[in-house]
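See below for the structure under consideration.
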Amino acid sequence: MNPFELTIGQARTELDDGNLSSRELTVSCLDRIKNVDSKLHSFLLVTEEEALQQADEADRKIASGGAVDPLCGIPLSIKDLLCTKGIVTTCGSRMLENFVPPYDATVIEKLKAQGVVILGKVAMDEFAMGSTSENCAFQVPENPWKKGYVAGGSSGGSASSVAGMECLGSLGSDTGGSIRQPASLCGVVGMKPTYGRVSRYGLVAFASSLDQVGPLTRDVTDCALMMNAIAGYDRRDSTSIQRATPDYTDSLSEGLQGLRVGIPREYFGEGLDPEVARVVENGVEILKRAGAVTVDVSLPHTEYGVAVYYLIAPAEASSNLARYDGVAYGYRDPNADTLMDMYRETRSHGFGDEVKRRILIGTYALSSGYYDAYYKKASQVRTLILNDFKKAYDFCDVIISPVTPTPAWKRGAHVDDPLALYLSDILTISANLAGIPGISVPGGFSSEGLPVGIQLQGPHFSEETLFRVAYNLEQGTGLGNRCPDIG
């Protein structure tokens, strides 16, 4: 087995036993990137020199004989909207093409404190706005399982780099499914934590009440290890929750005796691909064999989720992206003659079409005379969606469902139909609106060989339960750490 094929857990054992050095592991990943990234297009930037320096430092820590952190010496990729000190952070946008942050995001600080090796920054939809990563201003990541198919979005580069075995794990962000959806389409594990569980400090904001940082990994154990590293209170993030963080790996045990799994009827209706339904139904049977019981639940306001999300998220985006005006930092149009021309041309040329579309929607929804009809009404329905989940969790411990209505689709299939892409998020956005945690676990494959994920959602701060259920699901499917043939 090549070192890059190891999971984080396997690599930890090899590193601690002296069978492998972090430099050897890092070189293996860097060589893998050189060999396959011309096909996958996952990485926007590879920081080879810094990665090797971090690997050597990790090897010195391990050789010292003291206790080392679980992620010490482990090579990871980072979604390119997390600030990395001294390393370009573009958010997949021309607007920030040359932006070099003077500080690290809190999650990056935490990873560096553990001795992680950062291989580089990976592709994403511009400012995290998209479901395919086709909105990236620089390159579009491929699905490692089938050429010409989308990797998902907006954390498409994170999912592609993990599935393509260019790294052992990645950090992404999830505003409406942007971790879980690409994880499902690329056949890896991806968790969106409870809102406030992981610091957003240093995450370039899209929609501040929805954004959350989380891991994408090869298996559930690795996901728990990464969550251990990044979770916790941060005084620099006003939305961070001051609450004790458990060791999530303690949850990884077999058996689900008495656990109640809710099956929401609204998630299994019209538009669901029969092959996706088959995979999820098999997942339900796996959990039942592990001792779980199933109950029917209802989330009656699910049908309004897309409309609510695509008012609230663009409204917050229009506010957050107002700072990109060519004055303080980022792109500035060089040909403008007046101040107003500079504002207009900078934003017209610096932003891509999807970002401009959402800014326009959000500005309209917040404008005088329309605020009550759109943003306020959407916020009220958001509360109804949250209450749906609260009522459902009176009867169950977790909810199981598909992640997306279909497996991955061909690149370009929906380029001229943004509404079709918006509707593809219908099964993931409610978790962001409610602030609850969710995880995507590989469940099977379509007849075309494309991965299909299974989504598990739980009440606020129920990540331990989700990891336990996800672990049992993974044991039942036997799909942990499957590698695609990239060619």
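The values are calculated or read from the model by the stated rules, or taken from the named source; none is laboratory data. Note that this is a predicted model, so its numbers are computed, not measured. Positions of Cβ are generated from backbone atoms using ideal geometry, with glycine treated the same way; all protein chains shown enter the neighbour counts.
Within the range 442-455, restricting attention to residues that are touching a Phe, Trp or Tyr at 6+ places or on another chain (Cβ under 9 Å) and buried (at least 24 other Cβ atoms within 10 Å of the Cβ), the residue that is farthest from Ala159 (Cα to Cα) is Gln455. The set of residues from the range 74-123 being polar (S, T, N, Q) and either crowded, with 19+ Cβ neighbours inside 10 Å or under 17 Å from Ile33 (Cα atoms) (or both) comprises Ser77, Thr84, Thr89, Thr90, Ser93, Thr106, Gln114. For the range 118-138, what are the residues that are in a loop (DSSP other than H, G, I, E, B) and either at pLDDT below 95 or in contact with a Ser or Thr (Cβ under 9 Å, 6 or more places away or on another chain) (or both)? Ala123, Met124, Asp125, Met129, Gly130, Ser131, Thr132, Ser133, Asn135, Cys136, Ala137, Phe138, listed by residue number.
Of the residues making up the range 193-225, those that are outside any loop (DSSP other than H, G, I, E, B), out of contact with any helix residue (DSSP H, G or I) (no Cβ under 6 Å at 6 or more places or on another chain) and either basic (Lys, Arg) or within 17 Å of Gly438 (Cβ to Cβ) (or both) are Gly214, Cys223.
Going through the range 459-480 one residue at a time, which ones are of a type in the set (Gly, Ala, Ser), assigned to a loop (DSSP other than H, G, I, E, B) and on the phi < 0 side of the Ramachandran plot?
In the first step, residues of the range 459-480 are kept if they are of a type in the set (Gly, Ala, Ser); the result is 462, 470, 476, 478, 480.
The next check asks that each one be assigned to a loop (DSSP other than H, G, I, E, B); those that pass are 462, 478, 480.
Ser462, Gly480, listed by residue number.
Residues of the range 18-69 being at pLDDT 95 or above and at positive phi, which ones? Answer for the range 18-69, where residues must be at pLDDT 95 or above and at positive phi: Gly18, His41. Count of the range 64-87 residues, restricted to those that are farther than 15 Å from Met124 by Cβ and either under 17 Å from the mean Cα position of the chain (by Cα) or not in a strand (DSSP E or B) (or both), is 14.
Per the conditions (1) in a helix (DSSP H, G or I); (2) under 25 Å from the mean Cα position of the chain (by Cα), the sole criterion not satisfied by Thr90 is (1).
With respect to Ser160, is the statement that it is within 19 Å of Arg358 (Cβ to Cβ), touching an Asp or Glu at 6+ places or on another chain (Cβ under 8 Å) and either modelled with pLDDT of 95 or more or surrounded by 21 or more Cβ atoms within 10 Å (Cβ to Cβ) (or both) true?
Values: within 19 Å of Arg358 (Cβ to Cβ): no; touching an Asp or Glu at 6+ places or on another chain (Cβ under 8 Å): yes; either modelled with pLDDT of 95 or more or surrounded by 21 or more Cβ atoms within 10 Å (Cβ to Cβ) (or both): yes.
No; evaluated as a whole, the condition is false for this residue.
Answer yes if at least one residue in the range 272-280 is without any contact (Cβ under 8 Å) to a residue 40 or more places away in the chain, surrounded by fewer than 16 Cβ atoms within 10 Å (Cβ to Cβ) and under 30 Å from Val441 (Cα atoms), and no otherwise. Steps first, please.
Of all residues in the range 272-280, those without any contact (Cβ under 8 Å) to a residue 40 or more places away in the chain come to 274.
Restricting the remaining residues to those that are surrounded by fewer than 16 Cβ atoms within 10 Å (Cβ to Cβ) gives 274.
The next check asks that each one be under 30 Å from Val441 (Cα atoms); those that pass are 274.
Yes, the range 272-280 contains at least one residue that is without any contact (Cβ under 8 Å) to a residue 40 or more places away in the chain, surrounded by fewer than 16 Cβ atoms within 10 Å (Cβ to Cβ) and under 30 Å from Val441 (Cα atoms).
Residues that are outside any helix (DSSP H, G or I), within 30 Å of Thr406 (Cβ to Cβ) and free of Cβ contacts under 8 Å to residues at least 40 places away in the same chain: does the range 145-153 have at least one? Give the derivation first.
Kept after step one, since they are outside any helix (DSSP H, G or I), are these residues of the range 145-153: 145-153.
Those still in the list that are within 30 Å of Thr406 (Cβ to Cβ) too: 145-153.
If we keep only those that are free of Cβ contacts under 8 Å to residues at least 40 places away in the same chain as well, we get 153.
Within the range 145-153 (the criterion being outside any helix (DSSP H, G or I), within 30 Å of Thr406 (Cβ to Cβ) and free of Cβ contacts under 8 Å to residues at least 40 places away in the same chain), the answer is yes, since at least one residue qualifies.
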